[in-house]
Each structure stands twice: as C-alpha cells, then as structure tokens.
Amino acid sequence: MRCFPVSYYLSFARSREKSLSRGKNATASYIEQLEPTSDAQHGVLKMLTTTQLRGLRPHELLVLAALCDVDWRHIDPDCSDDALTVFHNIASRHAITVDGLRTLLMMFFPDADRSGLQCRSAFATLDYSYFIAANAKRFGQTPLVRPCDDGSYRLTAEFSSMLGQATFRTFFTDTIEAGLFNAMALTKTARKHRIQQNHGFLYGEKYTAFDVMCLCGWAAEQVPQNVGGYRLDADTGSLPIFIKYEASQYGDRFLNPSEIEWFSKNKNNRSLTSNEFRWLLNGTEHTPEWQNRHFVPVFIRRKAEEQEKSYYFIGSAVALDDVRESVNRSEDGSESKVVVSTLNLIKPVDPELYRHLTGKSAL
C-alpha cells in the first residue's frame, strides 16, 4: 500500500511520472498507461485526500471500504478471522446503516466516538449535504452515497460508475487504504501514550477549522472566516475556541497550564447577554451537569506557526471563572466591548506542549 501526504494524490502522481519520463532513456511511462479521469473524478479524489487521508475520523473511510469492496487484509494483514467475517457480512449487503457503522467501529476502532452524532455527520460528508456550495463544486458535485427509505445508505449510481474506471479505482482504493492505515496509526499512538479520545479529538493532535467542524458533528460546514475565534453550534452543544497565541488582536494567554485568560470577539460588541455567553453561563453552578451539555474544545496555534491553518487540541474547558465585561482598545484607538473569562481546562497542558506553544516553562 502506498501512503502519501495530504495533497491531491493523483495530481502528485501524474507530475512525478511526467518528470521521470523526461529522461533520455525513458520508455513508455506509467502515467501514459493511465486512463484519463473526468473533472468529477478529480473532484472526488480531491475531497478524499483533503478531508479523509489523515484518518482523523475513520467513520467515512469504513463506510467506503465496506461499500466499495476494499480488501481489509491490505490494511491490516493481522486482522482476526472474526473481524473479517463481520466486515464481509456488512459489505455483502451493499448498504450500511448507522448501526452497521457502529458495529464496524466497535470491531476495528473501539476507541472511536460511536455516537449517532458522529455517524450521521460522516454520512452527511459522504452524501455532500454537509459541504458549502463552493466546496461541493470543488469536490466534483458527485455524492458518494445516498440515503434510502429503510434508513440505510448505498452508493449513488454516478459514483458506482466512477469505480468502473481503472485509473479512478486504483487511486480511490489507495487513498481509502492509506486513510485507514493512518487512522490505525493514530489509535496505536494514542493508546501508547494513554490518550483518550474526547468527542473524537486527540490531545496534542493538530486540526484545521474544517476538521473541527466535522468532528463536532455540525450539520453543515461553515466558512472558516465566519467561525473566527469561536462559534456556537447550539444543536450539537459545542463551541470550539481557536486561539492564535501571541499573534492576534486579543490578549488570550495562559495563566498557568490549567487556565487560559480568554477574550471574546470584539466584533458587534459582545456582552454577557450575547448568545454564546448566555449559553456558556447556563448551568455553570452545576459543573458535572454543565459538562454534559457543553462541549468547549480549545485549539491553539503558536506564533511561530501563524501561517499554518491547523491548531493543537489542548483539551476542553470544563468551567468558566471570573467572567466579566471589559473594553478592548485596538491599535487605531477605537474601543469595543468584549467579555473576558478564565477557561479551566479538563487537565493541565503537559510541560512539553506548554513550552512548545508558549516558549516558556510551565513552572
């Protein structure tokens, strides 16, 4: 199995083969033997390499492996006979339900989040109902699965037709296998370091805003610029916070490895009566109950990596303290109302990651 970085895999392969075929002793190259692929096929492969190749959530990959007759032994040669039997039984139906996906997750990725929220989110990605219009177009506007009246999902006719084309099938299968291999590697690493998943997130792993929206189970993708430093999704009870450490107009900072002083957006003059703060403060007097209804994952991008799009997941906030209204003064002298609070993390950031993010010792 070939494993490539997160990039447009087919384009990468074509460019390398063209380069290698220019030598004076070059003969008919592999690239010349490939059948041409359509724009829609390119789009689907782009979607898979962009959103699935890292294996951050195995759900979509498992669905496609089962529905598209991927040979699981190529992914895990040491897989047990019982696990293979379960996989083949589900694959033989040519349809999969949420319960079927949960069964596969329990068998192959028992540490993964098997909630209905995560499973439904995965199917929404594969039927393209999740994507904003621009990305649906960029990804070929070809849904891979369709919902059926019995609650199951099957491959669409358009996507099934694509699988009959040799070039597309080769790169599609390779991408699915690589994504699942990466997902298994993430699981093994997490177990080695005794890291438990938190709503699908792994402590210390890096995520883009797109990854975060998916793993939070949002019903529809949002334009990252509209998310900004945070966004409330009341339907899923989640409010991810993105902090550009020492690289933003705000004073967000660690007070210590367990606490972060956090400033709200200064757009539209935020106050304690703003929607997100009414939601955040609802039930804070009952901490365990609050945690059950509020998922506030915190992501930080360090200053040295400010040109990147990904953030480190440092855990979730389990309480807010010292919540107060304040005034933020920008460099041009203008003022805006903000809310300042202290985020209490579920556990302290370890000394190595703390130093990496802040450049300072945790002591």
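What dipole magnitude, in Debye to the nearest 20, does the chain give about its Cα centre under +1 on Lys/Arg Cβ and -1 on Asp/Glu Cβ? Spell out each step's value before the answer.
Details: 42 positive and 43 negative charges, 172 e Å.
Here the chain has a charge dipole of around 820 debye.
For segment 40-88, compute Rh as the Kirkwood radius over C-alpha pairs and then the Stokes-Einstein diffusion coefficient at 4 °C and 1.567 mPa s; write the answer in µm²/s, rounded to an integer.
Numbers: Rh = 12.1 Å.
Approximately 107 µm²/s, per Stokes-Einstein.
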Specify the angular offset, from 0 to 90 degrees and rounded to the nearest 10, of the alpha carbon long axis of helix 9-20 from the longest principal axis of the alpha carbons in the chain. 60 degrees
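If you take the alpha carbon radius of gyration of segment 178-230 and divide it by 2.2 N^0.38 Å, what ratio comes out, to two decimals?
On the way: Rg = 13.0 Å, N = 53, 2.2 N^0.38 = 9.9 Å.
Dividing the Cα Rg of segment 178-230 by 2.2 N^0.38 Å gives 1.31.
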Over the chain, what is the mean sequence separation of C-alpha contacts under 8 Å (at least six apart), divided by residue count, expressed as relative contact order in percent? 15 percent
Cross-link reach list, aspartates and glutamates versus LYS206, counting only Cα pairs under 17 Å and skipping chain neighbours closer than eight places: GLU305, GLU306, GLU308, ASP350, GLU352
Select from THR49, HIS59, THR156 the residue farthest towards the positive end of the dipole of the chain; place +1 on Cβ of Lys and Arg, -1 on Cβ of Asp and Glu, and compute about the Cα centre. THR49
If you work out mean projected area of the Cα convex hull in nm² from the coordinates, which of (1) 27.8; (2) 19.9; (3) 22.4 do you get? (3)
Mind checking which aspartates and glutamates have their Cα closer than 14 Å to the Cα of LYS46? Skip sequence neighbours fewer than 8 apart in that chain. ASP174
Given 37 °C, 0.692 mPa s and a Kirkwood radius over Cα pairs, the Stokes-Einstein diffusion coefficient of segment 252-336 in µm²/s is 220 µm²/s
Kirkwood radius from Cα pairs of segment 171-324 plugged into Stokes-Einstein at 10 °C, 1.306 mPa s, gives D in µm²/s equal to 94 µm²/s
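Over 32 Å between Cα atoms: which of LYS188/LYS360; LYS137/LYS347; LYS137/LYS188; LYS137/LYS192 fall into that group? Intermediate results must be reported in sequence, preceding the final value.
Numbers: LYS188/LYS360 30 Å; LYS137/LYS347 41 Å; LYS137/LYS188 35 Å; LYS137/LYS192 40 Å.
Too far apart for the 32 Å limit: LYS137/LYS347; LYS137/LYS188; LYS137/LYS192.
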Only Cα pairs within less than 10 Å get springs; with that Gaussian network setup on the chain, which residue of ASN182, ASN89, ASN198 has the largest fluctuation? ASN89
Is there a quick way to get the dipole size of segment 307-363? I mean about its Cα centre, with the Cβ of Lys and Arg at +1 and of Asp and Glu at -1; what is the value in debye to the nearest 20? 140 debye
Using unit Cβ charges (K, R positive; D, E negative) and no other charged atoms, how large, in debye to the nearest 20, is the dipole of segment 115-166 about its Cα centre? 200 debye
Residue with peak Gaussian network fluctuation, the chain [Cα springs, cutoff 10 Å], from ASP174, ASP39, ASP211: ASP39
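Any read-out appearing in this document is the output of simple, stated calculations on the displayed coordinates, not a laboratory observation. Bear in mind the structure is a predicted one, so any value in this text is a computation, not a measurement. Heads up, the Cβs are rebuilt from the backbone with ideal geometry, glycines too, and the neighbour counts pull from every protein chain shown.
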